[in-house]
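Structure first, then comments.
Laboratory data are not the source of any read-out in this text; all were calculated from the coordinates shown. This is a predicted model, so every value here is computed, not measured. Neighbour counts run over all protein chains shown; Cβ positions are idealised from the backbone, glycine included.
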Amino acid sequence: MLMSIENLYAPLRLGSLQLPHRIVMAPLTRMRSAAGGVPTGLSAEYYAQRASAALIITEATGVSVQGMGYPNMPGLYSAEQVAGWYAVTKAVHAQGGRIIAQIVHGGRTSHSSYSPEGALPVAPSALAPVDGQAFTPEFSLVPFEIPRALDIDELPGIVNDFRQSAENAMAAGFDGVEIHSANGYLLDQFLQDNSNLREDAYGGSIAGRARLLLNVVDAIAHTIGADKVGVRLSPSGNFNDMKESNPTDLFSYVIQALSERGIAYLHLIEPRASSVGLGDDLSFDVANNARLFRRLFKGPVISAGGYTAQSGSEAIAAGDADAIAYGRMFIANPDLAARFKSGAELNAYDRNTFYGGAELGYTDYPTLASA
Ligand SMILES: Cc1cc2nc3c(=O)[nH]c(=O)nc-3n(C[C@H](O)[C@H](O)[C@H](O)COP(=O)(O)O)c2cc1C
């Protein structure tokens, strides 16, 4: 092994899980579930192929019909979805892997075409993202709609949808859940002050805007145990038109509150990866989130965004992160951990097959052994 990447190969305790190394598969939406948001046997094969990751974090999975916002995205709120996921977790565990479900509510990034009644998407405030487009169930890109502001009486229901889907995740054989509070989806919309203009207890001050996320964390920790809960945040990410006026204070508050709760891990996305990895250009002239926030969280930190084997190992050596999540490289390299270790060439990813479709660009990337 190249000496310079050895930090990636030390074992790591992550809440209730013991990881054999530190190369994590980042959550990756692939839009290949069957009708009703049910993962298929092909998804079981895709995830099982990647079971040598230290940990697999699944694609964002909806907590309710209202929270669905991408075509063929999976959910965790129906018996059929739980059964579909059960086959996935079983396949990953059979290969010796570990797998956590990322759970999400899309909020204002959703579209009325996902609602059987044609209801508008919901959000903290009636503000549509200025940039970007919604993706309909038929894979068309359309303008974002102006969402309906959630009534305060509806928020316990949202918390319960997250809690129930975490309980469903455990029934489906997952090793835990990651609460998606990044990239401009509902929980992030509540956090940041350009999308949350509420004047009630869930808006205004930093504590008010963080309340919904912390309610969700507490409800899930109470149900499945804090040692099975991770949270993903994207301080200074601008995907889905997010723009907090004071990210350092907001995210310092949130991260300290999460630290006090003793959750299994914190997952931070570096802003240098443009939006969600849709561009190839990386700019390094922005704050290093892992470095900025690491000291505020007492548990393990996973860092994601534009890492190579070398820079990931360096981030661990510098104490900025404990594990590194790789996104696009894991799409194209099912055996990424072995490839890094051997210094073998990496398969290039094909952006055209990221979203939707079947085997092509999903289960057909070769491993070193099969090539
Ligand atoms: C095709 C694709 C789908 C993604 N889906 C998700 C997702 O479902 N949830 C999430 O939190 N991040 C998602 N991301 C962001 C990745 O998890 C990761 O943070 C990003 O790709 C940067 O890491 P990389 O440079 O190693 O690819 C996605 C990125 C890509 C490229």
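For the residues Ala48, Ala134, Ala348, a GNM of the chain with alpha-carbon springs under 10 Å puts the largest fluctuation on Ala348. The relative contact order of the chain, computed from alpha carbon pairs under 8 Å that lie at least 6 residues apart in sequence, is 18 percent. Counting every other Cβ atom within 10 Å of each residue's Cβ, His21, His105, His111, His93 order from fewest to most as His93, His21, His111, His105. Looking at segment 3-353, the DSSP beta bridges with both ends there are about 20 percent antiparallel. Put simply, the amide H of Glu178, placed in the peptide plane, has neighbours under 5 Å in Ala101, Gln102, Ile103, Gly230, leaving out anything fewer than 5 places away on its chain.
Pair-distance distribution P(r) for segment 1-106, from all Cα-Cα distances in 5 Å bins starting at 0: 3, 13, 22, 22, 16, 12, 7, 4, 2, 0 percent. Could you name the lysines whose alpha carbon sits less than 26 Å from that of Lys228, not counting residues in the same chain fewer than 8 places away? Once the sequence-local lysines are set aside, what remains near Lys228 is Lys90, Lys298. Summed over qualifying helices (DSSP H, 4 residues or more, each -39500 (n - 2.57)) and divided by its residue number, the chain shows a 222 nm mean residue ellipticity of -8500 deg cm²/dmol.
When a/c is below 1.5 the answer is rounded, else prolate if a/b is larger than b/c, else oblate, so apply that to segment 3-353 with a ≥ b ≥ c taken from the square roots of the Cα gyration tensor eigenvalues. Verdict is rounded for segment 3-353. Applied to segment 344-360, the Karplus parametrisation 6.51 cos²θ - 1.76 cosθ + 1.60 on θ = phi - 60° returns per-residue 3J(HN,Hα) values of 5, 5, 8, 5, 7, 7, 10, 4, 5, 10, 4, 10, x, x, 10, 5, 4 Hz, with x for Gly and Pro.
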